[in-house]
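Engineer: Handing you this structure, nothing more for now.
Throughout, read-outs are computed from the coordinates displayed, never taken from laboratory work. This one's a predicted model, so the numbers in the text were calculated from it and none came from an experiment. Ideal geometry is used to build each Cβ from the backbone, glycine not excepted, and the neighbour counts take in all protein chains shown.
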Amino acid sequence: MPASLVARGARCSVLEESGERAGARREAAALWTELTAGAWKVTRGTLDTYLKELQAWAPDVALPARWEERMALAAAAEWAFGEQAASGRAGLLIDGHVVSVSWRREGGAWKARLAGPSSWRALWGKLERDAGVVLRLADAEGRVIHGHGAPRGSNATARGQAAFRPAAATGLPWSVTATPVAVGASSDPWTARRRLMFAGLLVFAVLLGSGSFLIARAISRELAVARLQSDFVAAVSHEFRTPLTSIRQLTEMLARGRMANEQQKQRAYELMMGESDRLRRVVESLLDFGRMQAREYKFRSESVEATEWARSVAEEFEETVRSLGYAVEFAGLAEGARIRGDREALSGALWNLLDNAVKYSPDEKQVRVAVSSSNGKVEVSVRDRGTGIAKEDLKRVFGKFYRGANAKKQGTKGTGIGLATVKKIVEAHGGTVRVQSEPGRGSEFTIVLPCDES
Ligand code: ADP
């Protein structure tokens with residue numbers, strides 16, 4: 001036992017006994033560092049005894065890094081030194097650590113080259129990367145000392161995709177199995193199955209999500225159409241019932257001789273004429289709408305003088321609403337401009353716009369029709385100072401059966417097919433229809449048609 005080591009140990013014990021705890025701890029830690037760095041040549045037994053003793057004074061004294069590996073290296077050197085042969089090489093497994101040693105005696109000297117687990121691991125890693133294989137090393141008892149994966153005899157080996165060398169064939173202390181990386185990856189049945197399952201789940205989730213979305217959308221559309229249709233049926237019934245009731249009452253009064261004089265009778269006839277005319281218009285608009293939806297409506301093609309045509313429609317319309325206090329102002333700024341198309345159908349479209357202008361202007365009874373032409377186009381606009389259209393309704397008023405919030409709120413009569421018909425007629429003539437409106441300030445609908453240049 002080296003005297004200086006004994007003295008250093010005794011110093012720790014003196015410091016401890018005289019109550020200098022911190023000094024003892026410092027001294028013990030310093031002694032341990034020097035001891036494990038190889039300052040004294042001692043046996044393993046001595047080292048273990050010192051470790052226990054020093055830990056009693058300094059509990060934080062611990063084994064240095066890679067201690068186990070160093071001990072395995074030392075054990076391998078000791079073993080090789082004890083061998084009789086003048087030279088040799090061997091691979092050893094010491095406490096599960098891979099160590100190789102090659103030694104030679106030369107004259108009075110003994111030389112050895114040792115490689116421990118970390119050198120081997122680095123070597124195997126490089127080998128695996130360079131050769132594109134996965135290595136699996138197992139000792140005689142079958143314990144894996146490097147790598148993992150399918151053991152010998154598994155599918156990969158059976159199919160001959162992995163190379164196996166037993167310890168006896170190589171002289172190494174372990175058996176080697178090398179599997180190509182790509183084969184190793186794809187031959188793992190669990191990974192492949194998991195991937196397949198995941199893909200299946202993903203497809204299922206996507207199908208379920210899109211299916212639910214489509215079903216929800218179809219249901220909501222069906223509901224909206226059903227609602228529109230029932231509203232439409234109610235509106236049409238109402239449109240028929242009102243004039244029919246008036247006609248029925250008037251004819252009854254006439255038949256029972258309740259009209260006292262000619263003047264009253266004349267008035268009754270006029271009212272009946274007006275009501276039956278209204279009925280005719282409702283029926284015609286429904287029939288036209290149906291024909292246009294089925295694309296069965298045959299448009300005539302004739303040359304029409306735009307200002308004259310619009311003026312005559314406006315005047316005819318004014319006749320029917322004058323008694324209700326409405327006035328239709330006309331501004332014709334397109335003298336001579338002509339359009340080509342079906343005069344009757346176009347008149348129906350303009351009439352619809354005028355009818356709406358009156359229907360949705362219960363207080364402001366002034367409607368303005370203006371005709372102008374520029375850049376090969378004729379524009380016919382109908383402006384009112386009525387209720388106007390809510391912003392969210394603006395985009396939808398040209399849709400079939402659609403009735404705006406203002407119509408429902410005021411209980412205005414209508415079927416929701418007027419503007420859809422206007423749009424169909426105008427588009428069939430190669431034109432467009434647009435709307436500008438502000439709630440409370442009125443609306444302006446404009447029909448734009450191409451000029452007839454011929
Ligand atoms: P309706 O039979 O309901 O009048 P339309 O297709 O003619 O059907 O019009 C669709 C909707 O557009 C109406 O319900 C109404 O809300 C709105 N609308 C149309 N014209 C006007 C207008 N001149 N002023 C205000 N709202 C209008």
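Engineer: What does the charge count around Leu172 come to, taking other residues whose C-beta lies under 11 Å from its C-beta (Lys +1, Arg +1, Asp -1, Glu -1)?
Structural biologist: So the surrounding residues net to +1.
Engineer: In square nanometres, what is the average projected area of the Cα convex hull of region 240-298?
Structural biologist: So the mean shadow area of the Cα hull is 4.8 nm².
Engineer: Over the Cα atoms, compute the radius of gyration (one decimal) and Dmax (the largest Cα-Cα distance, rounded to a whole number) for the chain, in Å.
Structural biologist: Cα only, the chain: 52.4, 158 Å (Rg, Dmax).
Engineer: Ok, one more. Report, in deg cm²/dmol and to the nearest 500, the calculated mean residue ellipticity at 222 nm for the chain, where each DSSP H run with n ≥ 4 adds -39500 (n - 2.57) and the sum is divided by the residue count.
Structural biologist: Rounded to the nearest 500, the figure is -17500 deg cm²/dmol.
Engineer: So, one more: For the cross-link pairs Lys359/Lys391; Lys377/Lys409; Lys359/Lys395; Lys365/Lys423; Lys377/Lys408, which exceed 29 Å when the distance is taken from alpha carbon to alpha carbon?
Structural biologist: Lys377/Lys409; Lys377/Lys408
Engineer: Name the residues of region 438-454 whose amide N is less than 14 Å from a point 7 angstrom out from the Cα of Lys391 along the C-beta direction?
Structural biologist: Zone members listed by number: 438-440.
Engineer: Expressed in whole Å with the largest first, what are the equivalent ellipsoid semi-axes of region 269-383 derived from the C-alpha gyration tensor as the square root of 5 times each eigenvalue?
Structural biologist: Computed over region 269-383, the values are 24, 21, 12 Å.
Engineer: So for region 258-408, taking the charge dipole from beta-carbon charges (+1 Lys/Arg, -1 Asp/Glu), which of Leu333, Val282, Val321 sits furthest toward the positive end?
Structural biologist: Of the options given, the answer is Val282.
Engineer: Only sites in a loop by DSSP and with at most 13 other Cβ atoms within 10 Å count here; which trypsin sites (Lys or Arg not before Pro) in region 231-292 make the cut?
Structural biologist: Taking region 231-292 and a limit of 13 other Cβ atoms within 10 Å, the loop trypsin sites (Lys or Arg not before Pro) found are Arg256, Arg258.
Engineer: What's the angle, to the nearest 10 degrees (0 to 90), between helix 67-81's Cα axis and the longest principal axis of the chain?
Structural biologist: 40 degrees
Engineer: Here's something else I'd like to know. Treating the angle as unsigned and between 0 and 90°, give the value, to the nearest 10°, between the Cα long axis of helix 21-36 and the longest Cα principal axis of the chain.
Structural biologist: Here the helix axis deviates by roughly 80 degrees.
Engineer: Calculate how steeply helix 306-321 sits against the longest principal axis of the alpha-carbon atoms of the chain, using the helix alpha-carbon long axis, and give the answer as 0 to 90 degrees to the nearest 10.
Structural biologist: On a 0 to 90 degree scale, this one is about 70.
Engineer: For region 73-113, which GluC sites (Glu not before Pro) are in a loop by DSSP, counting at most 15 other Cβ atoms within 10 Å?
Structural biologist: Of the GluC sites (Glu not before Pro), the ones in loops of region 73-113 whose Cβ has at most 15 other Cβ atoms within 10 Å are Glu83.
Engineer: Along the three principal axes, how long is region 344-431 when you take its alpha carbons, biggest first, rounded to the nearest angstrom?
Structural biologist: Extents along the principal axes, in whole Å: 40, 28, 26.
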